[in-house]
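Accompanying notes for the structure given below.
The values are calculated or read from the model by the stated rules, or taken from the named source; none is laboratory data. These numbers were taken from a predicted model, which means no experiment stands behind them. We place every Cβ from the backbone using ideal geometry, glycine too, and count neighbours over all the protein chains shown. In case anyone asks, the SASA skips ligands and DNA or RNA and just uses the protein heavy atoms, side chains included. Shrake-Rupley method; radii C 1.70, N 1.55, O 1.52, S 1.80 Å.
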Amino acid sequence: KCRNVQTTIQFNQIEVDTGTYCHRVDEKLKPDKLEGLAQSLAQEGQQTPMIVIESRTKDKFLLIAGHRRFYGFEQGIKDGLPGFAENMDVTVTILQQGEDQSDKEFEQDVFVRSVSDNENRAGFDEFEKLKIARMLIERKVQKQRAMSALGKTSLKESPSTNRNRVVSSSWSNPTLKT
């Protein structure tokens, strides 16, 4: 398992790769959807750390989970909210590779963590769940871990093709129809 190190870093040290770890549909990250979040961050402060890994760029970190928080901070900076600045301190959890963990196991842990953190915080819509399930299968994440990250969505092997397929159900209704 990877190690978690909670610390503070400057906001401008965070890089975003929207292709790999951002599981939100772009619509949910539009500025008009983040105004309330920026105001909440200004009034209440950051309640939950963003999750990052060390970037290949020196002194930078790659955002794994917490994209809405990140863009909420960014919106607060654009809006000139008091206390918001590129070099402000933010709380993060840095995921670090475990001593006995292979590179592939670490990559899988990081991806699963990005999924489970987002699902636990704000839930995914059906489109997002199916996209994530496909990515979990492509990364060859063990079926049990993938299913635990996705909640009631399941991955099933099709007997006719011996290939995985995604069966999705409503989060509130655990009954799967095939």
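Annotations
- In a fully extended conformation the segment linking GLU35 and ASN4 would gain 8.2 nm over its present Cα-Cα distance, using 0.36 nm per residue.
- Between ALA42 and ASN87, the FRET efficiency estimated from the beta carbon spacing at R0 = 22 angstrom works out to 0.85.
- Across LYS1/LYS33; LYS1/LYS58; LYS33/LYS129; LYS58/LYS143, pairs whose alpha-carbon gap is larger than 30 Å: LYS1/LYS33; LYS58/LYS143
- A 1.4 Å probe, protein heavy atoms only, puts the accessible area of THR18 near 80 Å².
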